[in-house]
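Enquirer: Structure incoming, see below.
The values are calculated or read from the model by the stated rules, or taken from the named source; none is laboratory data. This one's a predicted model, so the numbers in the text were calculated from it and none came from an experiment. Here Cβ is always computed from backbone atoms with ideal geometry, including for glycine, and neighbour counts include all displayed protein chains. Note: areas computed on protein heavy atoms with side chains; ligands, DNA, RNA excluded. Shrake-Rupley method; radii C 1.70, N 1.55, O 1.52, S 1.80 Å.
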Amino acid sequence: MDMYQRLTAVIESAWQELTAADTRHRDHCLEVISDVLETGRLTQDDAERAVERLVQVALSDEGHPLRESALHAIFTASTRYQLPYRVVEPLADGVDRFEPVLLGGYVLGILCDTNDRAALPVIERFLDHPHPEVRGEAAEAVSELSAAGRGPAG
């Protein structure tokens, strides 16, 4: 079994074990998926499929630790792969569901990392957010997307 096959086997096993009842075990499964994504050795298609599944966990009614672990894994993927906006767009659609620590710590950065200006209207909504961390992340993301974005202009 080559390295790629081992990585895909590890990630598939983690997905299967994510159905466990124990929250700590499920959190560990998400950490394993994040570790595989961090290697940057998956194909773009496999990384996008993994992120699509992680987005569903992040938007679920799971507790904060699991949602944060899913977002951490997505953020990790966004730094290793050029994720298209369409893959993370459900986060933009559900952005109001996230508490400030997840919004400023992950979601806005993930949207920005797509380098797609389609994320601008969503991010700009948070320039006046009551939490300074969220405002700061939003301002930084708007600046980055305005300077280097691709896709349709706001």
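Enquirer: Only one of (1) in contact (Cβ under 8 Å) with a residue 40 or more places away in the chain; (2) not in a helix (DSSP H, G or I) fails for residue 41. Which number is that?
Expert: With (1) in contact (Cβ under 8 Å) with a residue 40 or more places away in the chain; (2) not in a helix (DSSP H, G or I) applied to residue 41, the lone miss is (1).
Enquirer: What number of residues in the range 84-94 are without any contact (Cβ under 8 Å) to a residue 60 or more places away in the chain and touching a helix residue (DSSP H, G or I) at 6+ places or on another chain (Cβ under 6 Å)? Full working, then the answer.
Expert: Just the residues of the range 84-94 that are without any contact (Cβ under 8 Å) to a residue 60 or more places away in the chain, to begin with: 84, 86-94.
Then drop every residue that is not touching a helix residue (DSSP H, G or I) at 6+ places or on another chain (Cβ under 6 Å), which leaves 87-88, 90-92.
The total comes to 5.
Enquirer: So, one more: How about the range 1-30: which of its residues are in a helix (DSSP H, G or I), within 17 Å of residue 68 (Cα to Cα) and without any contact (Cβ under 8 Å) to a residue 40 or more places away in the chain?
Expert: Selection gives 14, 15, 24, 25, 28, 29.
Enquirer: Then there is this: Against the conditions (1) open to solvent by 10 Å² or more (accessible area, probe 1.4 Å); (2) assigned to a helix (DSSP H, G or I), where does residue 123 fall short? Just the number, please.
Expert: (1)
Enquirer: Further question: Residues in the range 66-83 that are within 9 Å of residue 30 (Cβ to Cβ) and touching an Asp or Glu at 6+ places or on another chain (Cβ under 7 Å): how many?
Expert: 2
Enquirer: For the range 37-46, does any single residue satisfy the condition of being hydrophobic (A, V, I, L, M, F, W, C) and surrounded by 13 or more Cβ atoms within 10 Å (Cβ to Cβ)?
Expert: Yes, some residue in the range 37-46 is hydrophobic (A, V, I, L, M, F, W, C) and surrounded by 13 or more Cβ atoms within 10 Å (Cβ to Cβ).
Enquirer: Would the range 108-118 turn up any residue that is under 14 Å from the mean Cα position of the chain (by Cα), of a type in the set (Val, Ile, Thr) and closer than 18 Å to residue 59 by Cβ?
Expert: Yes, the conditions are met somewhere in the range 108-118.
Enquirer: Sticking with this one: I'd like to know if the range 65-84 contains one or more residues that are outside any helix (DSSP H, G or I), over 24 Å from residue 40 (Cα atoms), open to solvent by 40 Å² or more (accessible area, probe 1.4 Å) and not hydroxyl-bearing (Ser, Thr, Tyr). Please lay out each step first, then the result.
Expert: Within the range 65-84, the first condition is being outside any helix (DSSP H, G or I), and the residues that meet it are 81-84.
With the extra rule that they be over 24 Å from residue 40 (Cα atoms), the set shrinks to none.
Checking the range 65-84: not a single residue is outside any helix (DSSP H, G or I), over 24 Å from residue 40 (Cα atoms), open to solvent by 40 Å² or more (accessible area, probe 1.4 Å) and not hydroxyl-bearing (Ser, Thr, Tyr).
Enquirer: Can you spot a residue in the range 144-154 that is assigned to a helix (DSSP H, G or I) and over 25 Å from residue 40 (Cα atoms)? Don't jump to the end; show me each part of the working.
Expert: Restricting attention to the range 144-154, the residues satisfying the condition of being assigned to a helix (DSSP H, G or I) are 144-148.
Okay, now just the ones that are also over 25 Å from residue 40 (Cα atoms), so 146-147.
So far as the range 144-154 goes, yes, one or more of its residues are assigned to a helix (DSSP H, G or I) and over 25 Å from residue 40 (Cα atoms).
Enquirer: The conditions are (1) open to solvent by 10 Å² or more (accessible area, probe 1.4 Å); (2) among the aliphatic types (A, V, I, L, M); (3) in contact (Cβ under 8 Å) with a residue 24 or more places away in the chain, and residue 111 fails exactly one of them. Which is it?
Expert: (1)
Enquirer: What number of residues within the range 1-49 are of a type outside the set (Ser, Thr, Tyr), farther than 23 Å from residue 85 by Cβ and out of contact with any helix residue (DSSP H, G or I) (no Cβ under 8 Å at 6 or more places or on another chain)?
Expert: 12
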